[in-house]
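These notes concern the structure reproduced below.
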Amino acid sequence: MDLLDSLGETLGGVWDSAMQGGEQWVQSWFDNEADKVASAAPEQNRVPQYLEPAKQPTGQPIQPTGMDTQTMLLIGGGVVVSLAVVVLLMKGK
């Protein structure tokens, strides 16, 4: 009887190990498939266009040109000062 108990314990341990390994394998397979599906979503893999800099058809980024805010404020301030000087000069005549 002791031999059957020992054999039963051994087979039970082997069965438990096989089931645990099988469950881990199935869980990792499901996780892998879920990762594939999530990475295939184009809306998650693409950078929104409003965040990307403008590009040439060749893929080269377009460098911003023109005046920045500080330059525009300096020019506007110069125009206002010039107009104030002209008004003061015309008022004195």
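The values are calculated or read from the model by the stated rules, or taken from the named source; none is laboratory data. All values reported here derive from a predicted model rather than from experimental measurement. Cβ coordinates were reconstructed from backbone atoms using ideal geometry, including for glycine residues, and neighbour counts include every protein chain displayed.
Before moving on, here are some points about what is shown:
- Some residue of the range 82-89 being assigned to a loop (DSSP other than H, G, I, E, B) and either surrounded by fewer than 10 Cβ atoms within 10 Å (Cβ to Cβ) or touching a residue at least 24 places away in the same chain (Cβ under 8 Å) (or both): no
- Only one of the listed residues (49, 44, 27) is in a helix (DSSP H, G or I) and either at pLDDT below 75 or on the phi > 0 side of the Ramachandran plot (or both). That residue is 44.
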